[in-house]
Amino acid sequence: MSTRPDSTRPESPEGTRPESPEGTRTTPVTVRVPAKVNVQLAVGAARPDGFHDLANVFLAVSLFDEVTATPADALTVTCEGPDADKVPLDRTNLAARAAEILAARAGLDPLVHLHIAKHIPVAGGMAGGSADGAAALLACDTLWGLNTPREELLDICAELGSDVPFSLVGGAALGTGRGEVLTPVTAGSFHWVFAVADGGLSTPAVFREFDRLTADAAVPEPQASPALLAALASGDPEALAATLANDLQPAALSLRPSLRATLDAGAAAGALAALVSGSGPTTAFLVADEEAAAKVAAALDASGTCRATRTASSPAPGATVLPS
């Protein structure tokens with residue numbers, strides 16, 4: 001689809017864009033959106049455009065950000081919560097970019113205040129920024145009464161970033177292409193512990209390290225694992241533990257060797273499997289049940305190998321408008 005404003009939308013008599021559509025709400029709209037874990041992340045060689053083909057099995061987990069959209073005189077962003085000081089509040093924030101793109105397509109000015117209640121780790125490999133972009137898109141679409149078709153929302157999500165479409169959809173899905181082409185998959189219920197590291201890791205830097213580490217290797221075409229998809233559908237945590245895989249993990253460990261101690265601590269505490277979440281540095285631990293999650297989280301907290309832990313279940317719903 002074109003990213004240009006819809007030329008069929010009316011302009012004001014002066015030829016400028018209208019400030020807001022007639023259906024704009026006067027009350028705020030809040031959207032809740034989940035974090036993700038990659039239960040499989042198969043990475044192909046770098047493409048000419050710099051991206052990599054992926055077979056990316058996404059699973060949404062019950063760690064949520066909330067984005068609230070309120071009518072305003074200008075586009076502004078604020079943030080609260082852990083690591084809020086690390087969240088950009090300018091037009092580089094995906095939430096702000098989502099509002100701008102949606103407004104441009106509708107022939108509007110993006111007159112909205114976006115407030116992010118941040119709970120997903122920042123720069124942690126759990127798609128927190130992507131989640132905020134998807135949440136802001138849905139919040140603004142609802143606030144402005146646009147009723148944009150789902151496919152167009154997904155098109156905007158793909159323009160924003162590779163992980164953003166899944167943040168809108170949630171649940172469980174296989175992402176191909178650069179991760180933005182989604183096919184729903186079946187997932188049973190699973191329990192997780194996430195260990196939050198000090199500082200973040202740049203996703204582009206991790207991919208560059210992947211390219212360096214694989215420079216002399218024949219990188220196979222990424223394919224979803226049939227065994228993993230079957231284990232995911234079964235809801236059997238031991239079967240899923242045996243199939244978890246992340247091709248970016250060696251690169252993340254190369255850039256942040258201290259993550260190995262975190263992975264070892266979680267495994268020693270009884271996690272069924274331990275892996276780096278996405279590009280890291282958050283580490284993910286699959287556990288048998290809620291009781292095991294509490295035990296592993298306590299051991300990780302006591303280990304001194306991470307800054308904080310979070311427990312969660314999966315799958316979780318995608319971006320959802322909360323009752324006002």
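The values are calculated or read from the model by the stated rules, or taken from the named source; none is laboratory data. Being a predicted model, the structure only gives us computed values, none of them experimental. Backbone-built Cβ (ideal geometry, glycine too); neighbour counts: all protein chains shown.
Some points to look at:
- Flag for Ser167 being outside any helix (DSSP H, G or I) and assigned by TED's automatic domain parsing to the domain that holds His115: no
- Residue satisfying all of: in the stretch 275-291; hydrophobic (A, V, I, L, M, F, W, C) and either in contact with a Phe, Trp or Tyr (Cβ under 9 Å, 6 or more places away or on another chain) or not assigned by TED's automatic domain parsing to the domain that holds Asp198 (or both); farthest from Ser130 (Cα to Cα) among these: Val287
- One residue stands out among those in the stretch 78-88 that are surrounded by 16 or more Cβ atoms within 10 Å (Cβ to Cβ) and modelled with pLDDT of 95 or more: the one that is nearest to Ala136 (Cα to Cα), which is Cys79.
- Residue check for Ala261: in contact with a Leu (Cβ under 7 Å, 6 or more places away or on another chain) and more than 21 Å from Arg178 (Cβ to Cβ): no
- Check on Leu154, touching a residue at least 60 places away in the same chain (Cβ under 8 Å) and not small (Gly, Ala, Ser): no
- Residue in the stretch 191-209 that is surrounded by fewer than 18 Cβ atoms within 10 Å (Cβ to Cβ), in the same structural domain as Gly280 (by TED's automatic domain parsing) and charged (D, E, K, R) present: yes
- Taken over the stretch 220-245, the residue count meeting the criterion of being in a helix (DSSP H, G or I) and within 13 Å of Ala55 (Cα to Cα) is 3.
- Sole residue being free of Cβ contacts under 8 Å to residues at least 60 places away in the same chain and within 19 Å of Val37 (Cα to Cα), chosen from Ala231, Ala245: Ala231
- Condition met for Asn93 (polar (S, T, N, Q), modelled with pLDDT of 95 or more and closer than 30 Å to Leu259 by Cβ): yes
- Test: Ala217 is closer than 30 Å to Asp49 by Cα and either out of contact with any Asp or Glu (no Cβ under 9 Å at 6 or more places or on another chain) or among the basic types (Lys, Arg) (or both): yes
- Some residue of the stretch 249-259 being of a type in the set (Lys, Arg) and within 24 Å of the chain's Cα centre (by Cα): yes
- Output for the stretch 263-291, where each listed residue is closer than 14 Å to Ala241 by Cα, touching a residue at least 24 places away in the same chain (Cβ under 8 Å) and more than 22 Å from the chain's Cα centre (by Cα): Gly266, Gly270, Ala271, Leu272, Ala288, Asp289
- Within the stretch 295-304, not a single residue is modelled with pLDDT under 95 and on the phi > 0 side of the Ramachandran plot.
- Sole exception among (1) within 21 Å of the chain's Cα centre (by Cα); (2) more than 20 Å from Ser279 (Cβ to Cβ) for Ala233, by number: (1)
- Pick from the stretch 143-173, criterion polar (S, T, N, Q) and more than 20 Å from Gly278 (Cβ to Cβ), ranking: surrounded by the most Cβ atoms within 10 Å (Cβ to Cβ): Thr148
- Any hit, the stretch 195-208, residues being in contact with a helix residue (DSSP H, G or I) (Cβ under 8 Å, 6 or more places away or on another chain), modelled with pLDDT of 95 or more, under 30 Å from Ser234 (Cβ atoms) and not in a loop (DSSP other than H, G, I, E, B): yes
- Gly125 vs. criteria at positive phi and surrounded by 22 or more Cβ atoms within 10 Å (Cβ to Cβ): yes
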